[in-house]
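Have a look at the structure below, then the notes.
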Amino acid sequence: MSSAYWASRTLLSAAELGVFAALASGPLQIDELRERLGLHQRAARDFLDALVALGLLDRNNDGYHNTAETDLYLDPNKPSYLGGMLEFHGKVMYSPWASLTAALRTGKNQAGHDNEEEMFGNVYADPGQLSALVTAMTAYSAGSATALANTFPWDGYQTFCDLGTAQGMVPLQLALRHPHLSGIGFDLPAVGPIFEKFIADHGLSSRVRFAGGDFFTDPLPPAQVYVLGHVLHDWGMDAKRALLQRVYDGLPGGGAAIVYEMLIDDDRRTNAAGLLMSLNMLVTSADGFDYTGADCRGWMADAGFRETYVQHLMGPDSMIVGLK
């Protein structure tokens, strides 16, 4: 574990340098690939062969080429591209994590902002960071969005609103799998054009639309189901409770709220991903933290929800459902 970051940083640098994009159209010999990537001669061979040894590239007489997996997931021209997540980790997450010790001693984030509003404001004001964030969230949410579409009893509802929608993976999956549903993706206005193109590219603009605003201050679009995916952990306790209360107040009777995260297990012993995600919130946010299903059920009960339950989605992700 002490040197696991070596492999991680090698992958992140490969994505940043454009290794997989350079090989998307076919194999290249080392000299041509080195020149295309702008690598120093001293570094090139060991770096590229390290990618081979890590299973991220292959090499034969024709030169270096992508593996089946990197061709599928790291070619920017494919719809299955997940490189936005790598870009986000490399440019936004990596540096604050290097200062985890300082964060543990001070309780202060290491990302250089004072609060969540400033954090999101800075990211959303920079088109490059915004694009990296929303495409990262698409990759991050794809599996759970699909599981959500297949797990929750959507037959009993007609409308939904995805709060903090980013590029729109949750609305996309819900609309694809449930033709009777119509929905709204709600996020800060800067996300609108990115969301609308993503939905239009999948032919769903007639049933899925974007609404811009701040979910703490602006009216929430009316819906029978509100979804908060990988959102609630961004905020401190007061903001978490305030947002859940706004969701409860906005729902009609019989409506539902769905919160999904890398939930920490109730015994706080086994879901390392949830606990590490909470440390991620420590180094990157002012007050954010992750939580257990029991924690969130308690907050939902305090907001007025008459019934709550926890259900696993996939991997480390689970959802907490609250019924009004």
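The values are calculated or read from the model by the stated rules, or taken from the named source; none is laboratory data. These numbers were taken from a predicted model, which means no experiment stands behind them. Every residue, glycine as well, gets a Cβ built from its backbone with ideal geometry; the counts of neighbours run over all protein chains shown. For accessibility, only protein heavy atoms count, side chains too; no ligands or nucleic acids. Shrake-Rupley method; radii C 1.70, N 1.55, O 1.52, S 1.80 Å.
Would you say Leu72 is of a type in the set (A, V, I, L, M) and surrounded by fewer than 18 Cβ atoms within 10 Å (Cβ to Cβ)?
yes
Looking at the stretch 276-310, which of the residues that are touching a residue at least 40 places away in the same chain (Cβ under 8 Å), small (Gly, Ala, Ser) and not in a loop (DSSP other than H, G, I, E, B) is nearest to Asp238 (Cα to Cα)? Per the criteria, the residue is Ala303. From the list Ala7, Ala53, Ala43, the lone residue that is out of contact with any strand residue (DSSP E or B) (no Cβ under 9 Å at 6 or more places or on another chain), at pLDDT below 95 and among the small types (Gly, Ala, Ser) is Ala43. Look at (1) among the small types (Gly, Ala, Ser); (2) under 20 Å from Met137 (Cα atoms); (3) surrounded by 24 or more Cβ atoms within 10 Å (Cβ to Cβ) and you find that Ala223 fails only one, number (2). Scanning the stretch 298-318 for residues that are loosely packed, with under 15 Cβ neighbours inside 10 Å and more than 15 Å from Gly143 (Cβ to Cβ) returns Gly298, Ala301, Asp302, Gly304, Arg306, Glu307, Tyr309.
Only one entry in Ala102, Ala190, Ala175 is assigned to a helix (DSSP H, G or I), over 30 Å from Ser2 (Cβ atoms), modelled with pLDDT of 95 or more and not basic (Lys, Arg), namely Ala175. Take the stretch 105-119 and flag every residue that is assigned to a loop (DSSP other than H, G, I, E, B), at pLDDT 80 or above and over 16 Å from Gly236 (Cα atoms). Scanning the stretch 105-119 gives Gln110, Ala111. Under the condition of being surrounded by 16 or more Cβ atoms within 10 Å (Cβ to Cβ), in a loop (DSSP other than H, G, I, E, B) and more than 31 Å from the chain's Cα centre (by Cα), the residues counted in the stretch 1-38 number 1.
Contact annotation: residue pairs with Cβ atoms under 6 Å, 6 or more positions apart or on different chains, pairing a residue in the stretch 70-95 that is over 16 Å from Tyr140 (Cα atoms) with a partner that is in a helix (DSSP H, G or I) and open to solvent by 30 Å² or more (accessible area, probe 1.4 Å), are Pro76/Ala21. Here the condition is being modelled with pLDDT under 95, in contact with a Pro (Cβ under 7 Å, 6 or more places away or on another chain) and not hydrophobic (A, V, I, L, M, F, W, C); of Gly63, Gly90, Gly83, it holds for Gly83 alone. The residue pairs whose first member lies in the stretch 1-18 and is free of Cβ contacts under 8 Å to residues at least 60 places away in the same chain, whose second member is assigned to a helix (DSSP H, G or I) and among the aromatic types (Phe, Trp, Tyr), and whose beta carbons are closer than 8 Å, counting only pairs six or more residues apart or on different chains, are Thr10/Phe47; Ala14/Phe20; Ala14/Phe47.
Determine, yes or no, whether Gly203 is farther than 24 Å from Leu313 by Cβ and surrounded by fewer than 19 Cβ atoms within 10 Å (Cβ to Cβ).
It is true that Gly203 is farther than 24 Å from Leu313 by Cβ and surrounded by fewer than 19 Cβ atoms within 10 Å (Cβ to Cβ).
Taking first residues from the stretch 244-273 that are touching a residue at least 12 places away in the same chain (Cβ under 8 Å) and open to solvent by 30 Å² or more (accessible area, probe 1.4 Å) and partners that are in a strand (DSSP E or B) and among the aromatic types (Phe, Trp, Tyr), the Cβ contacts under 8 Å between residues at least 6 apart in sequence or on separate chains come to Gly250/Tyr226.
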